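Below: the structure, in structure tokens.
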Amino acid sequence: MDAIRTYLDAHKHSHLDALKEILRVPSVSTSPEHAGDVQALAEHLRNHLESIGLKKATVHSTPGHPIVTAEWLHAPDAPTVLIYGHYDVQPADPLELWETPPFEPTQKGDRLYARGASDDKGQSFIHVCALEAWLATEQRLPVNVKILLEGEEEIGSPNLVPFLEENKVWCACDTVLVSDTAMFGKNQPSITVGLRGLAYLEVHVEGPTRDLHSGVYGGAAPNPATILNDMLSQCIDLKTGKILIPGFYDEVIELTKAEQVAVHALPFSMDTYTKSIGIEEVVGEPEYTVHERVSSRPTFDVNGLWGGYQGEGAKTVLPAKAGAKVSMRLVPNQDPQSTADKFNSFIHSIAPPSVRVNVINHHGGSPVVMDLTSDPIQKAAQAFKEVYQTEVFFTREGGSIPIIADFKRVLGVDSVLMGFGLNEDGLHSPNESFSIEDFYRGREVSARFLAHMASDGTEN
Ligand code: BES
Ligand code: ZN
């Protein structure tokens, strides 16, 4: 490890510069006008993977954004690790809230600011740097490695699932390694052993054929905005935090006593939490801790809401249409499709006959939980411990990475979620950032993890 560590130290700046180059490309997967940028970044990554000594670096076209793969398979008796990451990002909007331009990476103290700095360009590039260090110093990798980088994670990975199914042989591996999650806190490294799933829908309510004068028609004409609001408020009881969609909790598995004890033991300060997001108090199910509410319990959230006059000042209008984007985070064993069906039937059952309601189902994803005693997860924890010199937490997180459940379903393998982000990174928010120190340290954790994966564990 000494030579690798020396190499990583000597290449801090070149690795940070290479990351900045990646961050300059606005690879926003949801915006058709950025399709060329996503394609260009895929090609750039392919070239980079080839330049560090990986084999068969390839850009695969899909009906959507490309998938980039590469491999190094010259360790015949060693296991195979598939490293997954995503090079697409969320839109940078609202642009006016950024203190520095989102696609001009800017260093301030220990932090690098840019869209994708943490989610997921910075985190996934950590492994590329670790592979470079191995290949440059040892001319080999300790295990077989396959790299799989997608450009559609932020839109639900529509083309990666068919790619996995069609390329099962190439994708076969012993474990998947992913860095697209957060650590428990600064200098509190953690392995994520559970992620929530997702059901995402859109509701459209239509009433009168045109916007009406609310004085002339108000009182008799159905108001789609008011009606939508009423229907959404029937989905959740804000006092108890309970979701009221019939059958919503049917498949939910409660944490075991042992899991509850472990969650309750995690350090948590209500004061720091509320201050960090500028709220007076938390909401939700009082009988669950905040950490449980955001990681092991399902949610119902309105993500967007429109209808009627949105401009400055007042306009007395009775809108013809209203709409909402709604998401539900899911926990084992909830299923995205059946949850979406339950929501759809419930909304239609409570919709008054005065309006027309249409529900659109967007992407979804299944929840996952992993066995924290598994050999790869324990080896990842060991690697973290060696670099951060502190105990490693095992946590469930509330975000979703839908493809993790597909890795299990299609390839039969578990993933190691080795996050280097922090909640304060501002994922999907303005001024997203990533700790440069964690970027540097992460490279060594990754390099050590690969070494541990090659051994049977007895020499550690
Ligand atoms: N990196 C996140 C997921 C994440 C964030 C996991 C924080 C754990 C902690 C990922 O890129 C993401 O945002 N996923 C989407 C998935 C969706 C678009 C299908 C999400 O969770 O909203
Ligand atoms: Zn991500």
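The values are calculated or read from the model by the stated rules, or taken from the named source; none is laboratory data. Given the structure is predicted, the values throughout are model-derived calculations rather than measurements. FYI the Cβ positions are ideal-geometry reconstructions off the backbone, even for glycines, and counts take in every protein chain you see. Quick note on the areas: whole protein, heavy atoms, side chains included, nothing else; ligands and nucleic acids left out. Shrake-Rupley method; radii C 1.70, N 1.55, O 1.52, S 1.80 Å.
If a/c stays under 1.5 just call it rounded; otherwise compare a/b with b/c (prolate if a/b is bigger, oblate if not). Do that for segment 310-420, with a ≥ b ≥ c from the square roots of the Cα gyration tensor eigenvalues.
Prolate, since a/c reaches 1.5 and a/b exceeds b/c.
In terms of the Cα gyration tensor, with a ≥ b ≥ c the square roots of its eigenvalues, is segment 405-460 rounded because a/c is under 1.5, prolate because a/b exceeds b/c, or oblate?
Cα axes put segment 405-460 in the oblate bin.
Could you work out the equivalent-ellipsoid semi-axes for the chain, taking the square root of 5 times each eigenvalue of the Cα gyration tensor, largest first, in whole Å?
41, 24, 21
Using only Cα atoms, find the angle between the long axis of helix 121-138 and the longest principal axis of the chain, and express it within 0 to 90 degrees, rounded to the nearest 10.
Once rounded, one gets 10 degrees.
Counting Lys +1, Arg +1, Asp -1, Glu -1, what net charge surrounds H204 among other residues with beta carbon under 9 Å of its beta carbon? Mind showing how you got there, number by number?
On the way: positive: K321, R356; negative: E202, E206.
With Lys, Arg at +1 and Asp, Glu at -1, the neighbours total 0.
Going by amide H atoms built from the backbone, whose H comes under 5 Å of the H on L244, apart from near neighbours?
I236, D237
Suppose every Lys and Arg Cβ carries +1 and every Asp and Glu Cβ carries -1, with no other charges. What dipole size does segment 35-192 come out with about its Cα centre, to the nearest 20 debye? Mind showing how you got there, number by number?
Numbers: 11 positive and 23 negative charges, 99 e Å.
Using Cβ point charges on Lys, Arg, Asp and Glu, segment 35-192 gives about 480 debye.
Quick one: which residues, 5 or more positions from N333 or on another chain, have an amide H under 5 Å from its amide H? H modelled 1.01 Å from N in the peptide plane, none for Pro or chain starts.
Those qualifying (amide H under 5 Å, at least 5 residues apart or on another chain) are V252, I253.
So how tilted is helix 224-233 from the main axis of the chain? Cα-based, degrees 0 to 90, rounded to 10.
60 degrees
Indicate the gyration tensor shape class of segment 162-207 (rounded, prolate or oblate), computed on the Cα atoms with a ≥ b ≥ c the square roots of the eigenvalues: a/c under 1.5 is rounded; otherwise a/b larger than b/c is prolate and the rest oblate.
oblate
Could you report the accessible area of Y217 in Å², rounded to 10, computed with a 1.4 Å probe on the protein chains as they sit in the structure?
Rounded to the nearest 10, the figure is 90 Å².
Using only Cα atoms, locate the centre of segment 338-377 and the centre of segment 382-457, then give the distance between them in Å, rounded to an integer.
Taking the Cα centre of segment 382-457 as reference, the centre of segment 338-377 is 27 Å away.
On a 0 to 90 degree scale, rounded to 10, what angle separates helix 12-23 from the longest Cα axis of the chain?
30 degrees
Please report the antiparallel percentage of the DSSP beta bridges confined to the chain, to the nearest 5.
If we restrict to bridges inside the chain, about 70 percent are antiparallel.
Picking from I277, T289, P332, whose Cα lies most toward the positive end of the charge dipole for segment 266-333 (charges on Cβ: Lys, Arg +1; Asp, Glu -1)?
About the Cα centre, the residue reaching furthest to the positive side is P332.
Which pairs break 20 Å Cα to Cα here: K146/K168; K20/K55; K121/K146; K56/K168; K20/K186; K108/K186?
Cα-Cα > 20 Å for K20/K55; K20/K186; rest within.
For segment 265-368, which GluC sites (Glu not before Pro) are both in a DSSP coil and crowded by at most 13 other Cβ atoms within 10 Å?
Numbers: sites: E280, E281, E287, E292, E312; in loops: E280, E281, E287, E312.
Listed in order of number, the matching sites are E280, E281, E287, E312.
For K385, go through the aspartates and glutamates and keep the ones whose alpha-carbon is under 12 Å away, minus same-chain ones fewer than eight residues off.
Counting by Cα, and skipping residues close in sequence, K385 has these aspartates and glutamates nearby: E444.
On a 1.4 Å probe surface of the protein chains, which of W170, W98 comes out largest in accessible area, and what is the full order?
Highest to lowest solvent-accessible surface, that is W170, W98.
What is the sum of charges around M370, taking Lys and Arg as +1, Asp and Glu as -1, for the other residues whose C-beta is under 13 Å from the C-beta of M370?
-3
GluC sites (Glu not before Pro), restricted to segment 47-118: which are DSSP loop and have at most 10 other Cβ atoms within 10 Å?
Counting only loop positions with at most 10 other Cβ atoms within 10 Å, the GluC sites (Glu not before Pro) in segment 47-118 are E99.
Sort the following peptides by mean Cβ neighbour count (other Cβ atoms within 10 Å, averaged over residues), highest first: 34-44, 426-436.
Peptide ranking by packing, descending: 426-436, 34-44.
Charges at C-beta only: +1 for Lys and Arg, -1 for Asp and Glu. How large is the resulting dipole of the chain about its Cα centre, in Debye rounded to 20?
380 debye
Mind checking which of S429, T390, N144 is farthest towards the positive end of the chain's charge dipole, using Cβ charges of +1 (Lys, Arg) and -1 (Asp, Glu) about the Cα centre?
S429
Along the charge dipole of segment 303-460, pointing to its positive end and built from +1/-1 on Cβ of Lys, Arg, Asp and Glu, which listed residue (L318, S345, V359) has its Cα farthest out?
With unit charges placed on the Cβ atoms, the residue in question is L318.
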